[in-house]
Amino acid sequence: MKFSENEKLLCYHGPLLYEAKCVKTRKEGSGGYSYYVHYQGWNKNWDEWVTEGRMLKINPESREMQKRLLEQHLAATKESKKSKSSKSSSNKKTPSSRASTPDTSGTSGASFIKKEEATPVSTHELLRPHPLPLLLAPD
């Protein structure tokens, strides 16, 4: 067993390393161990069982790796945001081309028909079926 209960460690969650605490340990059928970890500063709903492969002891090398992974992740997300914003800025429509804004410049508004006027209102009374008899005859 590499890690003991209540030991602080670094644990992979997604692409990054986070500081965590080993809460419980259990022996797996294959001879390895799995650990229930709590990520420091996170809600307990994020606590999870992880294998030794996702965990690192806290030392200067692992802290450096954590820092490097964070920098790489921030650079990658910054690049993806840049490419998304450049694509969306070239596809932006002008405010006058919005379909939800009717063009009333130069007209009194008579060029379009209001929805209430366009939909005919039915004045027919609804036909209702006769009520069922109170007592039904047996078959």
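The values are calculated or read from the model by the stated rules, or taken from the named source; none is laboratory data. This is a predicted model, so every value here is computed, not measured. Quick reminder, even Gly has a Cβ in these numbers, built from the backbone with ideal geometry, and neighbours come from all protein chains shown.
Could you list all residues from the range 8-32 that are surrounded by 10 or more Cβ atoms within 10 Å (Cβ to Cβ), in a loop (DSSP other than H, G, I, E, B) and without any contact (Cβ under 8 Å) to a residue 40 or more places away in the chain? Those that are surrounded by 10 or more Cβ atoms within 10 Å (Cβ to Cβ), in a loop (DSSP other than H, G, I, E, B) and without any contact (Cβ under 8 Å) to a residue 40 or more places away in the chain: E28, G32.
Looking across the range 16-43, just one residue is at pLDDT 90 or above, among the polar types (S, T, N, Q) and farther than 16 Å from N6 by Cα, and that is N43. It is to be established whether one or more residues within the range 71-88 are touching a strand residue (DSSP E or B) at 6+ places or on another chain (Cβ under 9 Å) and modelled with pLDDT of 85 or more. Checked against the condition, which is being touching a strand residue (DSSP E or B) at 6+ places or on another chain (Cβ under 9 Å) and modelled with pLDDT of 85 or more, the range 71-88 yields at least one hit. All conditions in (1) assigned to a loop (DSSP other than H, G, I, E, B); (2) at pLDDT below 85; (3) surrounded by 10 or more Cβ atoms within 10 Å (Cβ to Cβ) hold for E5, with the sole exception of (2).
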